[in-house]
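The values are calculated or read from the model by the stated rules, or taken from the named source; none is laboratory data. If you're wondering where the values come from, they're calculated on a predicted model, not measured in any experiment. Don't worry about glycine lacking a Cβ; one is built from the backbone with ideal geometry, like all the others, and counts go over all protein chains shown.
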Amino acid sequence: MGAGSKAKPRSGSKKGADGAAPAPKGGLDALSEAIESGAGLPAVVRAAAGALGANIALIDRSSAVLAVAAGSGAEEEKLLGLDAGVETVELRVADAVVGELRYRPRSGETSSIGALRMVATMLGLEVERARGPEWASDDAARDFVRGVLSRRLVGDPEIAAQASELGTDLEAGAGVVIARAAPGSAQTGDWRARVLTLVLRAVRSNSSGALAATLEDESAHGEVALILPASDGDGIERAARAVEEELRSSLPGFAVTVGFSRHSPDPSHVYRAGKEALMAVNVAEAEDRTLLAFEETGSYRLLLPAMSEDPAELERFFDETVAPLAAYDDQYETELVATVEAYLDNDGNVTPTAETLFTHRHTVRYRLERVRELCGHDLSSTEGREKLGLGLKAMRVLGIAAPGGPALEGRSRASRAKRSE
């Protein structure tokens, strides 16, 4: 349960074993009747509020508000804002979290722990019953999206047939949008599911048949891939912009990045579109941009065949160039990778590189010598600059975060761990 003090039972009321007044039998009976009659979530929540003697809000696992029973608009705002005095109970069915109950006891009211548990159990089962079909549909869409983008599903007939079963027509082609949201602070509940909900909300008002899936459940960010039926690239771009705007406005405190592919004319080519969108979102994140089309990635596009067909070769090239520098930076909190980037951006000129890094020219020269010792590539030569420049591009295309001292230490290590898997 969340923070907040419980009000004392009214004078003269009969107390339960835990010191709280038990919920009136009529209240629980009314809740049971509302559920058995199929009255719907709003009526069920009103009955639950009466049983608990509290203002309550019912939230599903994606943080969507399903119903609220509050005495006033101000009370509703307190519930949804988790103000002081608002308690929370996780709703579970077996081992699965299906939602959350938020409640704020009314003046002079309090319920026993037993009554609260009973109400929470009943509400959890009702949420699962009401939302189960939609969740099952989302699960089927997730399996399809992951299957196409990982190439477990191949061939136009198979992909088109499964898409049709999900209500999606890919006859005119499709595109892929990948959205990434990284929270700036600890989050409660299944916030990744909320990212998925927001992505679908952004596109379904203007496009039917969009299918989405979360991609990285255990990562530090929420990543959602969207397969979007479209007849041209304009529709894909509009969807990507809608997703970016929805996430930025609905997720304050999150870093949002969106990348999108070109139009893919055939279902079997959607896999490649997925790689285009992934490259775009990786490059956008590395360059601190919120929205990027694959067609705007410039020379990075030359690396797409390696990323799509033989990413292991791209990883080996990164290992032979920038990886030793990144590992050294992680271990000693130095700035060798940043120095290489600045040196290349300044056309191999030490003085502007030092100014960019706010350091002395001698420090830059020392770091460049350390770079040569660690990776074997000399930045004073054309070949060395070309290889290290390509190594940096490989790092960004693969989605490996550049080292940046303690703040990014965990993130860069996680990226390399994922790559090695």
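Before moving on, here are some points about what is shown:
- Look at region 284-310: where a residue is part of a loop (DSSP other than H, G, I, E, B) and a partner is of a type in the set (Gly, Ala, Ser), sitting 6+ places away or on another chain with Cβ atoms under 8 Å, you get 290/284; 297/280.
- Residues of region 82-127 satisfying the condition of being among the polar types (S, T, N, Q) and out of contact with any Pro (no Cβ under 6 Å at 6 or more places or on another chain): 88, 107, 111, 121
- Taking region 343-381 as the range and being aliphatic (A, V, I, L, M) and touching a residue at least 24 places away in the same chain (Cβ under 8 Å) as the test, the residues that pass are 344, 364, 368, 371, 374, 379.
- One residue from 43, 57 being at pLDDT 80 or above, in the same structural domain as residue 124 (by TED's automatic domain parsing) and not in a helix (DSSP H, G or I): 57
- For region 145-187, the candidate set comprises residues that are in contact (Cβ under 8 Å) with a residue 40 or more places away in the chain and of a type in the set (Lys, Arg); within that set, the residue that is surrounded by the most Cβ atoms within 10 Å (Cβ to Cβ) is 180.
- Annotation note: of 92, 142, 201, the sole residue that is surrounded by fewer than 22 Cβ atoms within 10 Å (Cβ to Cβ), within 30 Å of residue 286 (Cβ to Cβ), under 26 Å from the mean Cα position of the chain (by Cα) and not assigned by TED's automatic domain parsing to the domain that holds residue 223 is 142.
- Check on residue 100, surrounded by 15 or more Cβ atoms within 10 Å (Cβ to Cβ) and farther than 19 Å from residue 190 by Cβ: no
- Contact annotation: residue pairs with Cβ atoms under 9 Å, 6 or more positions apart or on different chains, pairing a residue in region 324-335 that is within 17 Å of residue 387 (Cβ to Cβ) with a partner that is surrounded by 19 or more Cβ atoms within 10 Å (Cβ to Cβ) and among the basic types (Lys, Arg), are 326/416.
- Whichever residue in region 71-115 is hydrophobic (A, V, I, L, M, F, W, C) and part of a loop (DSSP other than H, G, I, E, B) and, among such residues, is nearest to residue 50 (Cα to Cα): 86
- When the residues of region 60-89 are filtered to those that are of a type in the set (Asp, Glu) and within 18 Å of residue 41 (Cβ to Cβ), the one that is modelled with the lowest pLDDT is 60.
- Evaluation of residue 206 against the conditions (1) over 14 Å from residue 222 (Cα atoms); (2) modelled with pLDDT of 85 or more shows that the sole unmet condition is (2).
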